[in-house]
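Visitor: Would you mind keeping the following structure in view while I ask a few things?
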Amino acid sequence: MADSLLFNPRTYDPAQFDPETRRLLRATVDWFEDRGKRRLIEDYRTRAWLADFLAFAAKEGLFATFLTPASAAGHEAQRWDTARIAALNEIFGFYGLDYWYAWQVTILGLGPVWQSDNTAARTRAAELLAQGEVFAFGLSEKTHGADIYSTDMLLTPDGNGGFSATGSKYYIGNGNAAGLVSVFGRRTDIEGPDGYVFFAADSRHSAYHLVKNVVDSSKYVSEFRLEDYPVGPDDVLHTGRAAFDAALNTVNVGKFNLCTASIGICEHAMYEAVTHANNRILYGRPVTAFPHVRRELADAYVRLVGMKLFSDRAVDYFRSASPDDRRYLLFNPMTKMKVTTEGEKVIDLMWDVIAAKGFEKDTYFAQAAVEIRGLPKLEGTVHVNLALILKFMRNHLLNPAEFAPVPTRLDAADDTFLFEQGPARGLGSVRFHDWRPAYDAYAAVPNVARFREQADALCEFVTTAAPDEKQSRDLDLLLAVGQLFALVVHGQLILEQARLTDLDEDILDELFAVLVRDFSAYAIELHGKDSATEVQQNWALGAVRRPVVDEARSGRVWERVEALSGAYEMAP
C-alpha cells in the first residue's frame with residue numbers, strides 16, 4: 001500500500017483541486033515520467049537548457065494558468081492560488097531543481113508586475129505568459145548582493161518622461177531567455193528612497209547584454225548589463241518607496257516556494273534510499289536490520305512528514321492573510337529557513353545509510369544531495385531569516401491576540417492580498433493567535449507533552465533571561481535563541497495540520513521525540529556561547545529533556561518506512 005503522506009507519481013491524484021488544475025498537475029507528472037530517469041539525469045549532468053520542458057509548459061499553458069491572477073486572466077482557470085502553486089513546487093522539486101528554478105524566478109519576475117498599477121505592463125505580462133515565456137527578477141548585484149539600498153543600476157531622465165538605464169545585475173535566473181525582466185534601480189536626479197524605480201526590460205533588446213551564466217548548471221543564473229537601455233512610461237512598474245516595498249513583498253511571495261521544492265527533493269531521494277538499503281545485504285542481513293539504520297531512516301521519514309505538515313498549514317495562513325492578519329510574515333521565513341534546513345538533515349540521515357551509493361551517477365540521490373544545499377541559501381540565508389523570525393518572538397510567545405480559526409484553504413480562489421501587501425515594515429507589531437491550544441490538543445501524546453515543557457521554558461527564558469542590550473548586538477547568541485523559538489513555531493503548525501488531517505499519533509509522537517532532541521541540542525549550543533550569562537547557562541541546561549522512549553511505537557513507524565522499499569522507482 002502506498003504511503004498517503006508522501007508524493008508518489010504512481011498513485012498521485014490531486015483530487016482536492018478543480019478539474020483543470022488536476023489535469024495540469026497530472027500532465028506534468030506524466031511528462032517527467034515519460035521522459036524517464038536516464039534522460040532526467042543526463043540533462044542534469046550535461047547542463048542542458050530546459051527548452052523541451054518550457055515547450056511542454058507553453059503547450060499546456062501551465063505557467064499562464066498558475067501564475068496569472070484573476071485580475072489579468074484570459075480564462076476562468078487562471079488565478080494565483082498558493083495551494084496549487086505549492087503542489088507544483090513539490091512536483092518540480094521531485095524531478096529536479098533546475099525545472100523548479102525556471103518556474104521560481106518567473107514567479108519573482110512577475111511579483112513587481114502584478115503589484116503594479118501599470119495596465120500596459122500587466123497586459124504585456126499576461127500576453128507573454130500565454131505565449132509560454134519565462135520571467136526574471138533583476139534585483140541583486142555583484143558588488144552589493146541583495147543590498148538594494150546601494151543599487152548601481154542608474155536611470156538617467158531622458159527629457160521625454162522616460163529614462164536611460166545603465167548598470168549590471170548578477171545572479172539573475174532566466175536572464176538568458178526572459179521575455180520580461182523586472183529590474184530594480186535608482187534615478188540619478190533624486191537622492192534617497194524617492195529615487196527608486198522598478199522597471200520592465202526585455203532580454204532580447206539590443207541594449208541588454210548577457211554576460212554569462214555564473215553557475216555550472218542547467219539553471220541559467222545570469223549576469224547581465226544594460227547600456228543606455230530605453231525605459232518608457234509603459235515600462236515603469238513602481239517608483240519611490242513603492243519600488244522598495246515591491247522588492248521585499250515579491251521576495252515574501254517567492255520565498256515560500258522553497259519549502260515545497262525541498263520536500264519534493266527529499267521524497268524522491270527517500271524512495272531510492274530506503275529501497276537500496278532494504279535490498280542490500282551486509283554480513284548476511286539487510287542493511288535495514290541494523291538498529292542505527294532504522295533510527296536514521298525513521299528520523300528522516302518523520303522529519304519529512306513534519307516538513308509537509310508545516311508547509312501545508314502555512315499555505316492556509318498565506319491564503320487567509322489580510323492587512324489585519326499578517327501572521328504569514330513569520331510563517332514565511334519559517335518555511336524558508338526551517339523547512340529547507342530540515343531537508344538538509346533528511347538527506348544527510350539517508351546518505352549516512354546508503355553511503356557510497358549516494359555518489360553514483362545513475363541515481364537521483366546524487367543530484368538531490370547537491371541541490372538540497374541550495375534552498376536554505378536562496379532568498380536570504382538561514383541567518384537572515386532567523387534574524388527576521390526573532391522579530392516576532394515576544395509577541396508570538398507572550399502576547400497572543402484573538403483571531404477567527406483559519407480553515408484548510410484548498411478552494412479555487414485568487415490570492416489577491418499577496419500583491420496588495422502594502423508597506424514592508426511594522427514587523428514588531430504583528431500579532432498571533434495563542435500557540436498553546438495546538439499543543440493542548442495533543443497533551444496525551446508523550447513527546448508532544450515533553451516538548452511542551454521545553455516551549456514553556458522558552459517563555460520563561462524570554463521573561464527572565466532574555467538577552468540584554470549588549471547581547472542584542474551579538475548575532476551569534478541571538479541565532480541560537482532563534483533556533484529554539486523556530487522549533488516552537490514549527491511544532492505548532494505541525495500540530496494544527498495533524499489535527500486537521502487526523503494524523504497517525506504514532507508518527508506525531510516519533511516526530512516530537514526528534515524535536516525534543518533538537519531543542520535540547522540548541523539549548524546546549526546556547527549554553528556554550530561566549531556571551532551567555534550564568535543565568536542563561538543555567539536555564540539552557542534546565543531546558544534539556546530526554547524524549548519518551550516507546551519501542552512498540554517506534555516499531556510501528558519503522559513498518560511504514562520499510563514499506564517505502566520498492567513503492568516507487570522512476571522508469572528508465
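The values are calculated or read from the model by the stated rules, or taken from the named source; none is laboratory data. All values reported here derive from a predicted model rather than from experimental measurement. As a convention, Cβ positions derive from the backbone with ideal geometry for all residues, glycine included, and neighbour counts pool all protein chains shown. Surface accessibility is based on the protein's heavy atoms, side chains included, excluding ligands, DNA and RNA. Shrake-Rupley method; radii C 1.70, N 1.55, O 1.52, S 1.80 Å.
Visitor: Do we find that Ser322 is modelled with pLDDT of 95 or more, of a type in the set (Gly, Ala, Ser) and open to solvent by less than 30 Å² (accessible area, probe 1.4 Å) in this structure?
Guide: No, not satisfied.
Visitor: Give all pairs with beta carbons closer than 9 Å in which a residue from the range 21-34 that is part of a helix (DSSP H, G or I) meets a residue that is open to solvent by 50 Å² or more (accessible area, probe 1.4 Å) and of a type in the set (Asp, Glu); count only pairs at least 6 apart in sequence or on separate chains.
Guide: Pairs that qualify, where the first residue is part of a helix (DSSP H, G or I) and the partner is open to solvent by 50 Å² or more (accessible area, probe 1.4 Å) and of a type in the set (Asp, Glu), are Arg22/Asp13; Arg26/Asp13.
Visitor: Contact list please: Cβ distance under 6 Å, first residue in the range 136-164 and farther than 20 Å from Gly179 by Cα, second residue assigned to a helix (DSSP H, G or I) and open to solvent by 20 Å² or more (accessible area, probe 1.4 Å), pairs at least six apart or on different chains.
Guide: These pairs meet every condition: His144/Ser150; Gly161/Pro233.
Visitor: Is at least one residue of the range 205-212 among the polar types (S, T, N, Q), within 28 Å of the chain's Cα centre (by Cα) and closer than 26 Å to Trp103 by Cα?
Guide: no
Visitor: Does the range 31-41 contain any residue that is open to solvent by 10 Å² or more (accessible area, probe 1.4 Å), at pLDDT 95 or above, among the hydrophobic types (A, V, I, L, M, F, W, C) and farther than 29 Å from Ala321 by Cα? Spell out the reasoning first.
Guide: In the first step, residues of the range 31-41 are kept if they are open to solvent by 10 Å² or more (accessible area, probe 1.4 Å); the result is 31, 33-35, 37-39, 41.
Pick out the ones that are also at pLDDT 95 or above and you get 31, 33-35, 37-39, 41.
Checking the rest, the ones that are also among the hydrophobic types (A, V, I, L, M, F, W, C) come to 31, 41.
Now restrict to residues that are farther than 29 Å from Ala321 by Cα: 31, 41.
Taking every residue of the range 31-41 in turn, at least one turns out to be open to solvent by 10 Å² or more (accessible area, probe 1.4 Å), at pLDDT 95 or above, among the hydrophobic types (A, V, I, L, M, F, W, C) and farther than 29 Å from Ala321 by Cα.
Visitor: Checking the structure you have, find out if any residue of the range 82-99 is in a helix (DSSP H, G or I), of a type in the set (Asp, Glu) and modelled with pLDDT of 95 or more.
Guide: Scanning the range 82-99 turns up at least one residue that is in a helix (DSSP H, G or I), of a type in the set (Asp, Glu) and modelled with pLDDT of 95 or more.
Visitor: Here's another thing I want to ask about it. I'm trying to understand the selection: among the residues of the range 285-341, which are over 24 Å from Asn395 (Cα atoms), in contact with a Ser or Thr (Cβ under 7 Å, 6 or more places away or on another chain) and hydroxyl-bearing (Ser, Thr, Tyr)?
Guide: Thr340
Visitor: Moving to a separate point now. In the range 1-16, how many are in contact (Cβ under 8 Å) with a residue 24 or more places away in the chain and within 19 Å of Trp100 (Cβ to Cβ)?
Guide: 5
Visitor: Name the single residue, out of those in the range 518-546 being out of contact with any Ser or Thr (no Cβ under 9 Å at 6 or more places or on another chain) and within 24 Å of Leu297 (Cα to Cα), that is most open to solvent (accessible area, probe 1.4 Å).
Guide: Restricting to residues being out of contact with any Ser or Thr (no Cβ under 9 Å at 6 or more places or on another chain) and within 24 Å of Leu297 (Cα to Cα), the top hit is Ala521.
Visitor: Taking only pairs six or more apart or across chains, which ones have beta-carbon atoms under 7 Å, a first residue in the range 439-468 that is aliphatic (A, V, I, L, M), and a second residue that is open to solvent by 50 Å² or more (accessible area, probe 1.4 Å) and outside any helix (DSSP H, G or I)?
Guide: Ala449/Ala443
Visitor: Can you tell me which of (1) within 30 Å of Arg79 (Cβ to Cβ); (2) over 18 Å from the mean Cα position of the chain (by Cα); (3) among the aliphatic types (A, V, I, L, M) is the one Val353 doesn't meet?
Guide: It fails just one condition, (1).
Visitor: Separate question: Could you grab me the full set of residues in the range 265-294 that are open to solvent by 30 Å² or more (accessible area, probe 1.4 Å), in contact with a Lys or Arg (Cβ under 9 Å, 6 or more places away or on another chain) and assigned to a helix (DSSP H, G or I)?
Guide: Glu272, His276 - these are the residues of the range 265-294 that are open to solvent by 30 Å² or more (accessible area, probe 1.4 Å), in contact with a Lys or Arg (Cβ under 9 Å, 6 or more places away or on another chain) and assigned to a helix (DSSP H, G or I).
Residues are listed down the side, and each one gets a yes or a no for (1) part of a loop (DSSP other than H, G, I, E, B); (2) among the hydroxyl-bearing types (Ser, Thr, Tyr); (3) within 30 Å of Trp80 (Cβ to Cβ):
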position: Asn385; (1), (2), (3): no, no, yes
position: Ile389; (1), (2), (3): no, no, yes
position: Leu397; (1), (2), (3): no, no, no
position: Ala404; (1), (2), (3): yes, no, yes
position: Asp414; (1), (2), (3): yes, no, yes
position: Leu418; (1), (2), (3): no, no, yes
position: Ala444; (1), (2), (3): yes, no, no
position: Arg452; (1), (2), (3): no, no, no
position: Ala457; (1), (2), (3): no, no, no
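Visitor: Picking from Ser203, Ser222, Ser218, Ser262, which residue would you name as being part of a loop (DSSP other than H, G, I, E, B) and open to solvent by less than 10 Å² (accessible area, probe 1.4 Å)?
Guide: Checking each option against the conditions leaves just Ser218.
Visitor: When Gly96 is evaluated against the numbered criteria (1) in contact (Cβ under 8 Å) with a residue 40 or more places away in the chain; (2) open to solvent by 10 Å² or more (accessible area, probe 1.4 Å), which criterion, by number, is the only one it fails?
Guide: Status for Gly96: all satisfied but (2).
Visitor: Return a yes/no flag: does the range 375-382 have any residue that is modelled with pLDDT of 95 or more and open to solvent by 10 Å² or more (accessible area, probe 1.4 Å). Give the steps one after another, and end with the answer.
Guide: Start the filter on the range 375-382 by keeping residues that are modelled with pLDDT of 95 or more, which leaves none.
Within the range 375-382, not a single residue is modelled with pLDDT of 95 or more and open to solvent by 10 Å² or more (accessible area, probe 1.4 Å).
Visitor: With respect to Ala498, is the statement that it is closer than 24 Å to Gly343 by Cβ, touching a residue at least 24 places away in the same chain (Cβ under 8 Å) and of a type in the set (Gly, Ala, Ser) true?
Guide: Details: closer than 24 Å to Gly343 by Cβ: yes; touching a residue at least 24 places away in the same chain (Cβ under 8 Å): yes; of a type in the set (Gly, Ala, Ser): yes.
The answer is yes for Ala498.
Visitor: Residue check, Asp235 against (1) in contact with a His (Cβ under 9 Å, 6 or more places away or on another chain); (2) crowded, with 20+ Cβ neighbours inside 10 Å, all met but one. Which one?
Guide: It is condition (1) that Asp235 fails.
Visitor: Another question, if that's okay. Given the criteria part of a strand (DSSP E or B) and either out of contact with any Asp or Glu (no Cβ under 9 Å at 6 or more places or on another chain) or open to solvent by less than 20 Å² (accessible area, probe 1.4 Å) (or both), does Leu210 qualify? Give the steps one after another, and end with the answer.
Guide: Working: part of a strand (DSSP E or B): yes; either out of contact with any Asp or Glu (no Cβ under 9 Å at 6 or more places or on another chain) or open to solvent by less than 20 Å² (accessible area, probe 1.4 Å) (or both): no.
No: the conditions fail for Leu210.
Visitor: Being over 12 Å from Thr28 (Cβ atoms) and touching a residue at least 24 places away in the same chain (Cβ under 8 Å) narrows it down to one of Leu88, Leu67, so name that one.
Guide: On the way: Leu88 fails: over 12 Å from Thr28 (Cβ atoms).
Result of the check over Leu88, Leu67: Leu67.
Visitor: Please specify each residue of the range 188-200 satisfying the condition of being surrounded by 18 or more Cβ atoms within 10 Å (Cβ to Cβ) and not β-branched (Val, Ile, Thr).
Guide: Scanning the range 188-200 gives Gly195, Tyr196, Phe198, Phe199, Ala200.
Visitor: To continue, here is another question. Step by step: first the residues of the range 548-557, then only those that are touching an Asp or Glu at 6+ places or on another chain (Cβ under 9 Å) and not small (Gly, Ala, Ser), then the one that is surrounded by the most Cβ atoms within 10 Å (Cβ to Cβ). Which residue is that?
Guide: Checking each candidate, the answer is Val557.
Visitor: Can we say Phe63 is at pLDDT 95 or above, under 22 Å from the mean Cα position of the chain (by Cα) and part of a helix (DSSP H, G or I)? Lay out the reasoning, then the answer.
Guide: Working: at pLDDT 95 or above: yes; under 22 Å from the mean Cα position of the chain (by Cα): yes; part of a helix (DSSP H, G or I): yes.
So Phe63 passes the test.
Visitor: Also: Going by what's in this entry, would Ala355 be described as in contact with a Gly (Cβ under 8 Å, 6 or more places away or on another chain) and either part of a helix (DSSP H, G or I) or at pLDDT 95 or above (or both)?
Guide: No.
Visitor: Take Ser168 and decide whether it is hydroxyl-bearing (Ser, Thr, Tyr) and farther than 18 Å from Val211 by Cβ.
Guide: It is false that Ser168 is hydroxyl-bearing (Ser, Thr, Tyr) and farther than 18 Å from Val211 by Cβ.
Visitor: Can you name the condition, by its number, that Gln492 falls short on among (1) closer than 23 Å to Pro407 by Cα; (2) open to solvent by 10 Å² or more (accessible area, probe 1.4 Å)?
Guide: (2)
Visitor: Quick check on the range 126-165: of everything there that is out of contact with any Gly (no Cβ under 9 Å at 6 or more places or on another chain) and surrounded by 19 or more Cβ atoms within 10 Å (Cβ to Cβ), which residue is nearest to Pro233 (Cα to Cα)?
Guide: Restricting to residues being out of contact with any Gly (no Cβ under 9 Å at 6 or more places or on another chain) and surrounded by 19 or more Cβ atoms within 10 Å (Cβ to Cβ), the top hit is Leu139.
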